[in-house]
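Inspection log for the structure reproduced underneath, given as structure tokens.
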Amino acid sequence: RRQEAKDLRTRYSLGFVDSDIYPQVMGLLRQMDIGQRLSAEDVVWLSTQGEECWTPEVRIAHHRLEAMALTCDWRRTGDPWAAVTASGHWRKADDAKEAVTVTEAALAATPQAPKLCSALKTTRGGAMRDLGRLSEARGLGQEAQLLTPKDFRPCTLLGAVHMELGEFSTGQEWYKKAEKLGAKSHSIDQDLRGILARAVPDLRAKLCAYLLSQDEYRFAWVHEFARRPTK
């Protein structure tokens, strides 16, 4: 039993776990380890009260279980919205290739309902972006935006893609449009943080300079990235 607990903690990169939450944490890890999904309440508890145990490995395992279950739901029921949600979880599980596979099949089998097709194209575009296939991601974002011009989600995708392509002014215009349509500025800033974290040094330096030139107060956090080595 002790060896099992040690193996689980190693597999999920857990260090010290407070004795008050240890039994519940280990129970949830065992649950995931045998392929059982966490409840919404368990996820909330882990990411708040058990926050120190909500490691990247635990998050990825959770999203993988959700993605697998929702992919099965889509194949069993034919509900394309299950495929949309599954794609999002595959991406969060660091498996964008599975998201591409699911959305390709779902698009082929989906009636041409604008909102649904837009959602599938947007999440598929996000997966293409994860894989570095930026031209395809841009094309999917453009198609999705034409289908649902009042939805901010294709706009945020296009904003991110253009930023990663080094087309900062165009990217910023798409992000501004997304905010006008209801996107939260905090979410967009988180998106930009991710782009800067993954960017090669030259692109990161140029994007930092651009953002600070646009709004030095809002993008003050960019300085932490600007100080990183450029080589």
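The values are calculated or read from the model by the stated rules, or taken from the named source; none is laboratory data. These numbers were taken from a predicted model, which means no experiment stands behind them. In this analysis, Cβ positions are derived from the backbone assuming ideal geometry, glycine residues included, and neighbour counts consider all displayed protein chains. Surface accessibility is based on the protein's heavy atoms, side chains included, excluding ligands, DNA and RNA. Shrake-Rupley method; radii C 1.70, N 1.55, O 1.52, S 1.80 Å.
General observations
- In region 16-43, the residues that are closer than 29 Å to CYS72 by Cα, open to solvent by less than 90 Å² (accessible area, probe 1.4 Å) and of a type in the set (A, V, I, L, M): VAL25, MET26, LEU28, LEU29, MET32, LEU38, ALA40, VAL43
- One residue stands out among those in region 153-182 that are aliphatic (A, V, I, L, M) and crowded, with 21+ Cβ neighbours inside 10 Å: the one that is nearest to GLN142 (Cα to Cα), which is LEU158.
- Residue check for ARG59: open to solvent by 20 Å² or more (accessible area, probe 1.4 Å), within 30 Å of ALA5 (Cβ to Cβ) and touching a residue at least 24 places away in the same chain (Cβ under 8 Å): yes
- Taking (1) within 19 Å of the chain's Cα centre (by Cα); (2) open to solvent by less than 40 Å² (accessible area, probe 1.4 Å); (3) over 30 Å from ASP202 (Cβ atoms) in turn, THR148 satisfies each apart from (1).
- Residue list for region 202-219, restricted to those being assigned to a helix (DSSP H, G or I) and open to solvent by less than 50 Å² (accessible area, probe 1.4 Å): LEU203, ARG204, ALA205, LEU207, CYS208, TYR210, LEU211, LEU212
- Residues in region 93-141 that are in contact with a Lys or Arg (Cβ under 6 Å, 6 or more places away or on another chain) and polar (S, T, N, Q) were compared, and the one that is most open to solvent (accessible area, probe 1.4 Å) is THR122.
- Hits in region 1-31 - residues which are aromatic (Phe, Trp, Tyr) and either within 15 Å of ARG59 (Cα to Cα) or in contact (Cβ under 8 Å) with a residue 24 or more places away in the chain (or both): TYR12
- Inter-residue pairs, beta-carbon under 6 Å, first part of a loop (DSSP other than H, G, I, E, B) and in region 126-155, second crowded, with 20+ Cβ neighbours inside 10 Å, 6+ apart: LEU131/ALA96; THR148/SER118
- Selected residue [under 25 Å from THR122 (Cβ atoms) and not aliphatic (A, V, I, L, M)] from TYR217, TYR175: TYR175
- For region 182-201, filtering for residues that are touching a Pro at 6+ places or on another chain (Cβ under 9 Å) and outside any helix (DSSP H, G or I) leaves 0.
- Region 1-15: number of residues that are surrounded by fewer than 16 Cβ atoms within 10 Å (Cβ to Cβ), of a type outside the set (S, T, N, Q), under 28 Å from the mean Cα position of the chain (by Cα) and part of a loop (DSSP other than H, G, I, E, B): 1
- Filtered by the rule that a residue be aromatic (Phe, Trp, Tyr) and closer than 14 Å to VAL161 by Cα, region 190-210 gives no residues.
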